[in-house]
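This report refers to the structure that appears directly beneath it.
Laboratory data are not the source of any read-out in this text; all were calculated from the coordinates shown. Fair warning: this is a prediction, and the values are worked out from it, not measured in the lab. Here the Cβ is made from the backbone with ideal geometry for all residues, glycine too, and neighbour counts use every protein chain on show.
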Amino acid sequence: MVDDASAARRRNTAGLRRFLDLKQQRDWMHGETILQDADERPESLELRLKYVARFEKLLRRPQAQAVLEILRRYGSDCIPIPRRTERHYWSVSCLPSTPGKALVRVNASWMELFSLYADGDDIRALFLVHLSDFTTDHSLDEGQVDEDFLEHCVLAPEDVSYIFPRGEDIFGVKVRGFSSIDKFLATPRALQAIRAFNLTHMNRGRNAYQASHCYRLADHMLGDDGR
């Protein structure tokens, strides 16, 4: 009876709290647990077919393999239980038509989480995170950005810059080059900040960008590409 009541409460809860309690989320954010994901993925055959042409166009770009490699890393390390939450709580778009000419974009709720762009034959990334995770005093003071730490997260100081998007406690980190993006994702404090921001927005409810989800990209993010 208690188990039934608990299950009912989870069904009526918005966001990731339907699947993970706050302790599980916090432990994952800090890298202290490995979450149990689903074996199967919910799928729409119609949607899978819809973006095949865009995916094949992306594959013809010189940046394609770098994009797929970084997306695989992002899907594995930055999204909690990605199979159980695919499309409904996060999605990935291929060559989205929105301004900026991104190659790929990951979204949750109404928020962009992560984008990759062409930079010559290489790539550049935009990570959206909480400003308070990148200030020296963990405040929302834009003058307190920890630039020394940001430079530590990449191979060369010129590989990183930042912006202040609209919205409370939102910070945009721009990283140039595959190797520096890879290093940024491997830096524990940066990874924790990415996870914290993603949890915030995945907990806000259903993903508004479900209709633009590209399953072929998601296959690579989730290791289902047969590689």
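Observations on the structure shown:
- For the range 126-139, backbone phi angles converted through the Karplus equation (6.51, -1.76, 1.60; θ = phi - 60°) give residue-by-residue couplings of 10, 9, 9, 9, 7, 4, 5, 7, 10, 9, 5, 10, 6, 9 Hz, Gly and Pro being listed as x.
- Dimensions in Å of the range 133-227 - Rg and Dmax from alpha carbons: 15.6, 47
- Each Cα pair under 8 Å and six or more residues apart adds its sequence gap; the mean of these over the residue count of the chain is a relative contact order of 27 percent.
- Calculated diffusion of the range 51-221, Stokes-Einstein form, Kirkwood radius summed over Cα pairs, 4 °C and 1.567 mPa s, µm²/s: 81 µm²/s
- 5 angstrom amide H check on D119, placed H, neighbours 5+ away: R124
- The range 106-138-the range 70-84 distance, computed between alpha-carbon centres (Å): 15 Å
- Calculated P(r) tail over 18 Å for the range 59-139, as whole % of Cα pairs: 46 percent
- Shown in residue order for the range 79-91 are the 3J(HN,Hα) couplings computed by the Karplus curve 6.51 cos²θ - 1.76 cosθ + 1.60 at θ = phi - 60°: 10, x, 5, x, 6, 6, 10, 3, 6, 6, 10, 7, 8 Hz (x for Gly and Pro).
- Along its first, second and third principal axes, ordered by size, the range 41-93 spans 31, 28, 13 Å in Cα coordinates.
- For the range 55-145, the relative contact order works out to 18 percent when only alpha carbon pairs closer than 8 Å and six or more residues apart are counted.
- Å³ per residue enclosed by the Cα convex hull of the range 176-227: 127 Å³
- The mean of 1/r over all distinct Cα pairs in the range 10-78, once inverted, gives the Kirkwood hydrodynamic radius of 15.3 Å.
- Whole-number D in µm²/s for the range 1-151 (Stokes-Einstein; Kirkwood sum over Cα pairs; 10 °C, 1.306 mPa s): 88 µm²/s
- Ordering of 78-85, 18-25, 132-139 by packing [mean C-beta count within 10 Å, highest first]: 78-85, 18-25, 132-139
- Per-residue Cβ neighbour rank within 10 angstrom, fewest leading, K101, K174: K101, K174
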